[in-house]
Amino acid sequence: MTSNVAILDVSNIKYTSPGREAVRRLFHHRSAILGMIILGFLLILAIFAKQIAPYDPIQLLRDVDRREPPCIHLLGCAADQPQHLFGIDGNSRDLLSRVIYGSRLSLQVGLSTVSFAILIGGVIGAIAGFVGGWLDDLLMRIMDVLMAFPSLLLAIAIVSFLGTGLINALLAIGIVSIPRFARLVRSTVISVKELEYVVAARSIGANQGRILFGHIIPNSLTPLIVQATLGIATAILDAAALSFLGLGAEPPRPEWGLMLGEERNSIFNAPHLVFFPGVAIMLTVLGFNLLGDGLRDALDPRLRGTAAG
Amino acid sequence: MLRFMARRLVLLIPVAIGILLVTFLIVRLIPGDPCVAMLGERATPTKCEEFKERYGLNDNVFVQFVRYIGNMAQGDFGESIRFSRPVSDIIAERLPMTIELTLFAMLFSTTVGIFLGIISALKPNSFTDTLTMVVANVGVSMPVFWLGLMLAYFFALVMKDTPLFIPPSGRLGASVTLVNLAKQWGLTELTGISKFAVYFLSNSAIANSIITGNWATLKDALWHLILPSVAVGTIPLAIIARMTRSTLVEVMQQDYVRTARAKGVNERKVVSRHAMRNVMIPVITIIGIETGALLSGAVLTETVFALPGVGTMLVQSILSRDYPVVQGFTLIIAIIFVLINLFVDVSYAYLDPRVRLE
């Protein structure tokens, strides 16, 4: 009996809101912290690219040889030589500056394509899940067809008729990411719409739009945030792939995939030109993947270890 | 089981129509006049008229679509503008390379991935486990074309003059050639599917060398396939290893594993007979999901290793606006993707009786 009394004494129980609890879990999650550090670093590079980069990313340099290997004073490069930490690219530009400016482009690419896909996919999924019936069937069959193509190849096909270029490549990647978000939002909407608080809202006479946007969507956000973070990683990889193939960003834009593509034939005589942009892509994608995994564990432990990643 | 397969096949019909519609639209959605887009500078009014007549672009869209389905069903993929040859011939030439690469990458990623996953799961938090999971996380984040280039650099340049040297590009060594099977068998008047099949076998370096018993060629073909397969397979490998690990850790705590142990079954059998059977279900799903990554990876990696496959042809055709080739190749990749997924679903049902009854 005494133990029951102890439980009823609520003065010692600290209440933490679910949101605060999630943030606490996130900051105790090893990989999430690592992901946030990487992304924070990239964000600083992207915002202060102009101040950090030692040279202009597009302007050609004089008095340097093309594809010159890195010259680092600390590692014994002659002090009278100008320092180029990542070396010189095939058009005699400073590679480090180009990689730094590339972070801007990469983050923009990830955020813009995923926002586009969430916006369109979210609306499609919410309508399909909320309305149901033939409309649901129709919308989901269309999504099935889009998913019947490997996503990168569908993006390539879309670029083939839109024409090459960065904007078209982004549009293509955005389009192929739509089904993933549509399906996710649809399934959460379906599972949420029968819950008590939605029934309660309906019974006090709330209209359909209010139920959908005021009650259902806010409660479906958790898996969406996780999937969006992981989706940014995929989008950055796909965009780099399109640019690598020569179907995305055009020279002289400092895009990492393009930088790799332009110099892929110099891999044996100037490996630094291939190495550094690739590491930049890998770090960025790793950052988003780690943060996504962390968010999944922090926000929704039920999703742990599922195929959502 | 038969009923399950029948139902699964019926579900394919709307998807197949959708795929055909998407590939059909690729050519119709080109902004501007398709004739100008495809013929470029050669597009004079008379040539355009002739061109539209030849490709039936003057009929209404619905008629065009029905005719398109009819043509595809007969294996008529149109004619390449750049090469003035049937697209189906080009597919028969290029597809074997991509299929070989995809299959070998899949073999590599599943065997090594499942193996690493088991080791990590049986000794959680050991050095091997931590290392595997770190490599898995990094592996998922690597661009496949970059990994390919790095592998090429390491095994072809750094390892040069050592036994670990592996050729970084090309399908076969310079002095190695494939036998033309059609000529060898005296088949000159081939048409339709048999022509496609003979061309396909003839152009598959592996099938060709096995059929003709040319073991030196086979060895050379496999040798050239190592680096691309490792590059393409690494990302799926990482994902498969993570999935195997997390599922096996969970399964090892189940009651039936404890029961098996209590019966005195030795640990090796507990894992291989009792646990792994249940681990395979989610792992096979992941393998199915990863086929898309494998096919896309193959397309990207071909460019890196200068392999004569679907990917290199597709990119060249987009850049030179050879739309019939783009259309045919997109369609064939989608068909392969759908068929692999079908195969995965069927094996899923085979492993898990609950799926069949659903």
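The values are calculated or read from the model by the stated rules, or taken from the named source; none is laboratory data. Everything numeric here is computed off the predicted structure, so don't read it as measured data. Here Cβ is always computed from backbone atoms with ideal geometry, including for glycine, and neighbour counts include all displayed protein chains. The area values use the complete protein model at the heavy-atom level, side chains included, leaving out ligands, DNA and RNA. Shrake-Rupley method; radii C 1.70, N 1.55, O 1.52, S 1.80 Å.
A few points about this structure:
- Looking only at residues of segment A:204-215 that are assigned to a helix (DSSP H, G or I) and open to solvent by 70 Å² or more (accessible area, probe 1.4 Å), we find that the one that is farthest from A:V226 (Cα to Cα) is A:Q208.
- For A:A201, the stated conditions do not hold, so it cannot be described as open to solvent by less than 10 Å² (accessible area, probe 1.4 Å), touching a residue at least 60 places away in the same chain (Cβ under 8 Å) and either in contact with a helix residue (DSSP H, G or I) (Cβ under 7 Å, 6 or more places away or on another chain) or within 28 Å of A:S106 (Cα to Cα) (or both).
- Number of the condition not met by A:L299 [criteria: (1) open to solvent by less than 40 Å² (accessible area, probe 1.4 Å); (2) aliphatic (A, V, I, L, M); (3) at pLDDT below 90]: (1)
- Subset of segment A:241-258 [at the interface with chain B (Cβ under 8 Å from one of its Cβ atoms) and either within 17 Å of the chain's Cα centre (by Cα) or open to solvent by 10 Å² or more (accessible area, probe 1.4 Å) (or both)]: A:A241, A:L245, A:G246, A:G257
- Residue match in segment A:153-164 (condition: touching a residue at least 40 places away in the same chain (Cβ under 8 Å), surrounded by fewer than 19 Cβ atoms within 10 Å (Cβ to Cβ), over 18 Å from A:P223 (Cβ atoms) and of a type outside the set (S, T, Y)): no
- B:G233, sole failed condition from (1) closer than 30 Å to A:T234 by Cα; (2) loosely packed, with under 15 Cβ neighbours inside 10 Å: (2)
- Total residues in segment A:259-288, condition over 17 Å from A:L105 (Cα atoms), at the interface with chain B (Cβ under 8 Å from one of its Cβ atoms) and open to solvent by less than 20 Å² (accessible area, probe 1.4 Å): 2
- Comparison of A:I142, A:I178 shows that the only residue that is β-branched (V, I, T) and in contact with a Leu (Cβ under 9 Å, 6 or more places away or on another chain) is A:I178.
- Residue in segment B:239-255 that is surrounded by fewer than 23 Cβ atoms within 10 Å (Cβ to Cβ), in contact with a Phe, Trp or Tyr (Cβ under 7 Å, 6 or more places away or on another chain) and more than 27 Å from B:I210 (Cβ to Cβ) present: no
- For B:L25, the test of being within 22 Å of the chain's Cα centre (by Cα), free of Cβ contacts under 8 Å to residues at least 24 places away in the same chain and surrounded by 13 or more Cβ atoms within 10 Å (Cβ to Cβ) is failed.
- Filtering segment B:311-328 to residues that are at the interface with another protein chain (Cβ under 9 Å from one of its Cβ atoms), under 18 Å from B:F200 (Cβ atoms) and in contact (Cβ under 8 Å) with a residue 40 or more places away in the chain leaves only B:G311.
- Matching helices (runs of 4 or more DSSP H) fully within segment B:256-358 where at least 1 residues are touching a Pro at 6+ places or on another chain (Cβ under 7 Å): B:276-304, B:323-351
- In this structure, A:F161 does not satisfy being among the aromatic types (F, W, Y) and either within 17 Å of A:V114 (Cβ to Cβ) or at pLDDT 85 or above (or both).
- Checking segment B:290-301 against the condition returns no match, with no residue being within 11 Å of another protein chain (Cβ to nearest Cβ), more than 27 Å from B:I119 (Cβ to Cβ) and charged (D, E, K, R).
- Counted as qualifying within segment B:145-236 are no helices (runs of 4 or more DSSP H), as none has 3 or more residues that are within 14 Å of chain A (Cβ to nearest Cβ) and at positive phi.
- Count of segment B:178-215 residues which are over 29 Å from B:I226 (Cβ atoms) and open to solvent by less than 60 Å² (accessible area, probe 1.4 Å): 6
- Those helices (runs of 4 or more DSSP H) of segment B:2-90 in which at least 1 residues are within 14 Å of chain A (Cβ to nearest Cβ) and more than 20 Å from A:L154 (Cα to Cα), considering only elements entirely within it, cover B:2-28, B:34-39.
- Unique residue being surrounded by fewer than 17 Cβ atoms within 10 Å (Cβ to Cβ) and modelled with pLDDT under 85 when the list is B:R268, B:R277: B:R277
Per-residue answers, yes or no, for (1) touching a residue at least 12 places away in the same chain (Cβ under 8 Å); (2) assigned to a helix (DSSP H, G or I); (3) farther than 26 Å from A:V285 by Cβ; (4) within 14 Å of chain A (Cβ to nearest Cβ):
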| site | (1), (2), (3), (4) |
| --- | --- |
| B:A92 | yes, yes, yes, no |
| B:P96 | yes, yes, yes, no |
| B:F104 | yes, yes, no, no |
| B:I114 | yes, yes, no, no |
| B:L131 | no, yes, no, no |
| B:V134 | no, yes, no, yes |
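- Scanning segment A:137-163 for residues that are under 20 Å from the mean Cα position of the chain (by Cα) and facing chain B (nearest Cβ under 7 Å) yields a total of 5.
- Conditions (1) open to solvent by less than 20 Å² (accessible area, probe 1.4 Å); (2) touching a Phe, Trp or Tyr at 6+ places or on another chain (Cβ under 8 Å); (3) touching a residue at least 60 places away in the same chain (Cβ under 8 Å): number failed by B:L307: (2)
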